[in-house]
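Below: one structure, written as structure tokens.
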């Protein structure tokens, strides 16, 4: 349902407008014809999902006008709510024979925190790919949120009748979620350091994570907000959840970009290219050239110089383009959205269907690949109903291991400066 009832809906309804009558004439209303027209107006408003506050008695009294905008809004909400409830109950009682009370919430509910470009891309991807039959959205920007909600709800008939809800002031809307996707965050201010930006985003997480997990204790948290690796670590600390239930979208998208760019060079489908980007979702990410293969044929075996400084075919440029992709897209359209939305929808699907599918996601890597820091970064992980089920023991060469440790040190250094 929308946040507020549309107080202009009945007035603007074309069918109702064609049947407008003068309701101020008391004697006329008492006539048989007058009563018939009133009935016709009410019925036609109901057909068009609108309600007009016409009393059931023969005499219609003009209500006093609210003095303030707030009172007007409250008055409209109350009249519309009361009338809708009465009519709805009457129609339901005549239409249905209830066998059992319906289940209030789906077992595959997904909640998205933040209705910006990334958040709505996640919502749209989840709905259009039928990942979940129930999606809840939370954002503090009430007007934008309501607009997004209405726009999606009006397309429900094309989304297999998914239930879509939203709130701008109560995180309880997310209750009983199986997956909670966090995309909320603030942009960097002028002359603001990266650490200051990080700390402001930490405060945002502090204000919501504990409430989210209290409403959905069985949920898996997927953090998308950037810098995703550090904020996933922060979310894990704040949530009290075990490590497996707090994951970051990490390099799942970087890996997709990597495979696409390789497929472009080889002129084959991206699904047929197998390769991984691990480490930080950012400039210090690590391309695992030693594992890139097509149909089990390792490209390093075919072309040993692959990804090195001696590579005459300049495959190293592929990784540079992976890193610069987001910057280029932001330069061209102002933000990134669709690819990360599709990426997160795929992660959600793996969790909800307990598919045991392998994705590159941000997880706690302490004790892996010689990393001693308590830090989150991306490695190939098996995803299931409980989040991260297994971490792949990926065979890395000496250079790849060195780069991964450097990536871990950079993230650990930033994390250590935060006040959690």
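A few points about this structure:
- Three-way shape label, the stretch 252-416, alpha-carbon gyration tensor, a/c 1.5: rounded
- Ranked by how many other Cβ atoms sit within 10 Å of their own Cβ, fewest first, the residues 233, 215, 376 fall in the order 215, 233, 376.
- Reducing the stretch 251-314 and the stretch 367-395 to their Cα centroids gives an inter-centroid distance of 20 Å.
Since every read-out is calculated from the coordinates, none of them should be taken as a lab result. Remember, it's a predicted structure, so these values are computed and weren't measured experimentally. For neighbour counting, all protein chains shown are included, and Cβ atoms are generated from backbone atoms with ideal geometry for every residue, glycine included.
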